[in-house]
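We did not get these values from a lab; they are worked out from the coordinates using the rules stated. Keep in mind that this is a model prediction, so the values were computed, not measured. Don't worry about glycine lacking a Cβ; one is built from the backbone with ideal geometry, like all the others, and counts go over all protein chains shown.
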Amino acid sequence: MDTLVQWFTTNLSGVVSKEAIIFIISMIPILELRGGLLAASPALLNVPILRAIPLCVFGNILPIPFILLLITHILEWMKSVSCFRKIALWLENKAMSKKDQIEKYEFWGLVLFVGIPLPGTGAWTGALIAALLRMRFRKAFVAILMGIVIATVIMSVLSYGVLGVLFG
């Protein structure tokens, strides 16, 4: 993840503002809010935390309603087109391999899945799993938003606390 964050910050610097860079990074699957806050940290772009947090949260939550509402239809369409079938099946299998973590505790499982910043977790994957498990939109969206808040606290401490001490 660090390499991707570094690549985006290097290649977008001078092209768009620091704020736009962290917003864009926060919208990208895999990187999401975690990557946005790492990019915003004193080690890279040095964007003040009170400016970075809303940009990262909004950037991370923006794609979620579209994923929750449309991903099952998109995956079904992809499976009907031979050149996309393998990708659709891979995405479904990858997401469903993590469903036990969410299925057992539903709402709170989804909150923790999104909130604990570990590889393979996050809002995008959480939304995909919630959609595939047919969770109600509102329930899934609130759980994902709560998870993003938890991830924000954890990543703020890491990005601005630890990295702030090292690079500040």
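Counting only alpha carbon atoms, the long axis of helix 106-115 and the longest principal axis of the chain meet at about 30°. Ranked by how many other Cβ atoms sit within 10 Å of their own Cβ, fewest first, the residues Arg138, Arg34 fall in the order Arg138, Arg34. Using a Gaussian network for the chain with springs between C-alpha atoms less than 10 Å apart, which of these wobbles most: Thr72, Thr125, Thr152? Comparing Thr72, Thr125, Thr152 in a Gaussian network model of the chain, the most mobile one is Thr72.
In sequence order, segment 76-93 has phi-based couplings of 4, 4, 4, 5, 7, 10, 4, 6, 9, 4, 4, 5, 4, 5, 4, 4, 4, 5 Hz under the Karplus curve 6.51 cos²θ - 1.76 cosθ + 1.60, θ = phi - 60°, and Gly or Pro positions carry x.
Length available on full extension from Val157 to Leu50: 0.36 nm per residue minus the Cα-Cα distance, which gives 37.2 nm. Residues with amide H under 5 Å of Ser13's amide H, sequence separation 5 or more or different chain, H placed in the peptide plane at 1.01 Å from N; which? Counting only residues 5 or more places away or on other chains, the set is empty. Taking the fewest neighbouring Cβ atoms within 10 Å as the starting point, the ordered list for Tyr160, Tyr105 is Tyr105, Tyr160. Segment 110-140 and segment 10-51 have their alpha-carbon centroids 22 Å apart.
With charges only on Cβ, +1 for K and R and -1 for D and E, what is the dipole size of the chain about its Cα centre, in debye, rounded to 20? Intermediate values should be presented prior to the final figure.
Values: 14 positive and 8 negative charges, 74 e Å.
That gives the chain a dipole magnitude of about 360 debye.
Counted residue by residue at 0.36 nm each, then reduced by the alpha carbon distance between them, the extension gain from Asn93 to Lys139 reaches 14.3 nm.
Just want the ordering: Lys139, Lys18, from fewest to most Cβ atoms lying within 10 Å of their own Cβ.
On the way: Lys139 13, Lys18 19.
Least to most surrounded, the residues fall as Lys139, Lys18.
Once the Cα atoms are used to define both axes, helix 49-61 deviates from the longest principal axis of the chain by about 20 degrees.
Distance between the 7 Å Cα→Cβ label points at Ser13 and His73: 4.2 nm. The modelled label-to-label distance between Asp100 and Phe58, using points 7 Å beyond Cα along the C-beta direction, is 4.0 nm. Here the dipole of segment 96-168 is about 280 debye; that uses its Cα centre as origin and unit charges on the Cβ of Lys and Arg (positive) and Asp and Glu (negative).
Here are some pairs, Lys94/Lys139; Lys104/Lys139; Lys18/Lys139; which of them have Cα atoms lying more than 25 Å apart in this structure?
Values: Lys94/Lys139 22 Å; Lys104/Lys139 15 Å; Lys18/Lys139 33 Å.
From the list (Lys94/Lys139; Lys104/Lys139; Lys18/Lys139), the Cα-Cα distance tops 25 Å for Lys18/Lys139.
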